[in-house]
Amino acid sequence: DAGVTQSPTHLIKTRGQQVTLRCSPISGHKSVSWYQQVLGQGPQFIFQYYEKEERGRGNFPDRFSARQFPNYSSELNVNALLLGDSALYLCASSLVGVEETQYFGPGTRLLVL
Amino acid sequence: AQTVTQSQPEMSVQEAETVTLSCTYDTSESDYYLFWYKQPPSRQMILVIRQEAYKQQNATENRFSVNFQKAAKSFSLKISDSQLGDAAMYFCAYRIPILTGGGNKLTFGTGTQLKVEL
């Protein structure tokens, strides 16, 4: 079975631009979470979605937004990019419920110049 | 604030030997889950092992086992018979419910870089 997939793998943008990152969950998983991992640190929670609704949001500015589609795939959008947005963006999918365990994709590396 | 602390930025182990990575956490929740994830140079975050806080028995997955001390809020990872492929950054994390929205989120430590030497 295919794991979590993310696209693109790498991206270079300039300050002020907008970016969209995409994630497809493991088949059968209905929940998608997004994390930001700055170099040298652990991942930080950005969003969780399931059933197309936002279920949680981390301490990130409104420039960050996301959505989930009927097929449970998800997009993360970041507007007005700042240099500090340069990071590895990880998507994780999971089943919903008490036994939820999050499985991660390979990430999208974003560089903002 | 809920935090996860990994006090060992780097650890080294000889191939075939045993190593223990430390993790402590701080939470006011009574029901939570704990995880160890491995992140090799490829950057893919791979689940190593998981522990339910309500279970007293320590989780084991092949060469990986944990020592879970709930009262002390300690969750260490033991890797036995270390292999070259175990070299990676290891992150401790716990999962708690998000009070508004009904979701769950993982809170990660800063990681321990494990080197495996011949």
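Every read-out reported here was derived from the displayed coordinates using simple, explicitly stated rules and does not represent laboratory data. Given the structure is predicted, the values throughout are model-derived calculations rather than measurements. Here Cβ is always computed from backbone atoms with ideal geometry, including for glycine, and neighbour counts include all displayed protein chains.
Before moving on, here are some points about what is shown:
- Placing unit charges on the Cβ atoms only, positive for Lys and Arg and negative for Asp and Glu, gives chain B a dipole magnitude near 300 debye about its Cα centre.
- Cα-only radius of gyration and Dmax that characterise chain B, units Å: 14.2, 49
- Along principal axes, Cα extents of chain A, largest first, whole Å: 39, 27, 26
- In a DSSP loop and with at most 13 other Cβ atoms within 10 Å, the chymotrypsin sites (Phe, Trp or Tyr not before Pro) in region B:1-105 are B:Tyr54.
- Rel. contact order, % - alpha carbon contacts under 8 angstrom, at least six apart, region A:46-113: 22 percent
- Summing Lys and Arg as +1 and Asp and Glu as -1 over all other residues whose Cβ lies under 14 Å from the Cβ of B:Glu17 gives a net charge of -1.
- Look at the stretch A:48-57: the mean tally of other chain Cβ atoms within 10 Å of its residues' Cβ atoms is 4.
- Note: relative contact order over chain B, using C-alpha pairs below 8 Å and six or more positions apart, is 36 percent.
- Once the Cβ-Cβ distance of A:Leu39 and B:Tyr54 is raised to the sixth power relative to R0 = 35 Å, the FRET efficiency obtained is 0.45.
- Each of B:Met89, B:Met45 was scored by other Cβ atoms within 10 Å of its Cβ. Arranged with the fewest first, they read B:Met89, B:Met45.
- Above 26 Å, the calculated P(r) of the protein assembly as shown contains 37 percent of its Cα-Cα pairs.
- Ranked packing of A:2-11, B:79-88, A:87-96, most packed first, by mean Cβ within 10 Å: A:87-96, B:79-88, A:2-11
- Packing-based exposure ordering (other Cβ within 10 Å, fewest first) of B:Ser12, A:Ser24: B:Ser12, A:Ser24
- The count of lysine pairs in the protein assembly as shown whose Cα atoms are under 16 Å apart, excluding pairs fewer than 8 places apart on the same chain, comes to 7.
- Backbone N within region B:73-93 under 20 Å of label point (7 Å from B:Ala16 Cα along the Cβ vector): B:79-87
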